[in-house]
Structures are given as structure tokens and as C-alpha cells.
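This report concerns only the one structure given below.
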Amino acid sequence: MKKQPLNPENHWDWSMPMPFVQGWAVEDAKLVFVGGQISSDDKGQTIGVGDIAAQTRNVFNSIRAVLNEAGADMKDIVKLNTYYVFDGADDELTQYWEDMTNVRLEFFAEPPGPCGTGIRVAGLAYPDLLIEVEAIAVVPND
């Protein structure tokens, strides 16, 4: 399998240092698609109500569990789509986003990390949810 990180010169950069890249080119690999993961227990109750860091951590642990089921792990992720709810004042948004990102960095400490998209939404499936994340991973063909 060949994975090539894509970071064009003079392209926009993140507001804080992190290992994420702008894109990936992948050849000869198995793709693993992880559907939107939310912060809930096995009864569907929200874990971490009102706490974006706790919910983000729970979501990424759920992503890891799905990947492990396919013989993959977090290092294999090349793309993340993050949907998040934020109802605070605009001047609090940067701190909220950085709280999410700092948790993400716990799971992607080694560069290069996945490319990603963050989408602010009005709400998710349940009222107490603050974040939902889907992922695409690539692993070598067996």
C-alpha cells in the first residue's frame, strides 16, 4: 500500500500546531468507512452532557472500536468529517474548537494525521449531543 500525504505549499494552515494534513493519495489498499459516531452508552444515553472534550473523547474511542473490528486502527484514518453543535458566543468558538482538537490530538499524536472537515450544525440526532464524527481509513490489502 502506498499513502502519500498532501500538503500544498502556501496553503492555509491550522490556528494551532497539529499533525493533520490537507489530503491523502492512496494506492492498493482496503477502505474502511466508519459511520457517524456519537457520544452515547449502550442504552443510547448521552455521555458527557455539556462537555465537548468528554464527548469528543468518547466518539474517538467508538471510532477506534469500529476500526479494530475491521483490523484497522486510528493510524489508518485518512479522512474525518466532524459535525459539531455550538450555541455559545462567537468569541467562545475558538476555545470550543480547540477543546475538541486537543482531544483529537490524543488520538493522532504522530504526524501526519488525517485530513478533515469540520461542520457546525444546529443539532444532531439527540438534543444533548455536541459532536458526531465519521471516518475513512485505509489498510493494506491482505
Any residue in the range 101-119 that is in contact with a strand residue (DSSP E or B) (Cβ under 9 Å, 6 or more places away or on another chain), of a type outside the set (A, V, I, L, M) and exposed (fewer than 14 other Cβ atoms within 10 Å of the Cβ)? yes
All-but-one check, VAL66 against (1) buried (at least 19 other Cβ atoms within 10 Å of the Cβ); (2) part of a helix (DSSP H, G or I), failing number (1)
For the range 100-133, the count of residues that are assigned to a loop (DSSP other than H, G, I, E, B) and within 16 Å of ASN61 (Cβ to Cβ) equals 4
Scanning the range 11-48 for residues that are more than 18 Å from ARG104 (Cα to Cα) and assigned to a loop (DSSP other than H, G, I, E, B), the one modelled with the lowest pLDDT turns out to be TRP12
For this session: Answer yes or no as to whether ALA72 is small (Gly, Ala, Ser), at pLDDT 85 or above, on the phi < 0 side of the Ramachandran plot and part of a loop (DSSP other than H, G, I, E, B).
Result: yes
Listed by first then second residue, the pairs whose first member lies in the range 71-88 and is in contact (Cβ under 8 Å) with a residue 12 or more places away in the chain and crowded, with 17+ Cβ neighbours inside 10 Å, whose partner is charged (D, E, K, R) and in a helix (DSSP H, G or I), with beta carbons under 6 Å and at least 6 positions apart or on separate chains, are MET74/ARG64
> Hey, any hits in the range 81-99 for a residue that's closer than 25 Å to ALA29 by Cβ, in contact with an Asp or Glu (Cβ under 9 Å, 6 or more places away or on another chain) and not in a loop (DSSP other than H, G, I, E, B)?
Replying inline: yes
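The values are calculated or read from the model by the stated rules, or taken from the named source; none is laboratory data. Note that the structure is predicted; figures quoted are calculated from it, not measured. When we count neighbours, we look across all protein chains shown, and the Cβ atoms used for this are built from the backbone with ideal geometry, even at glycine.
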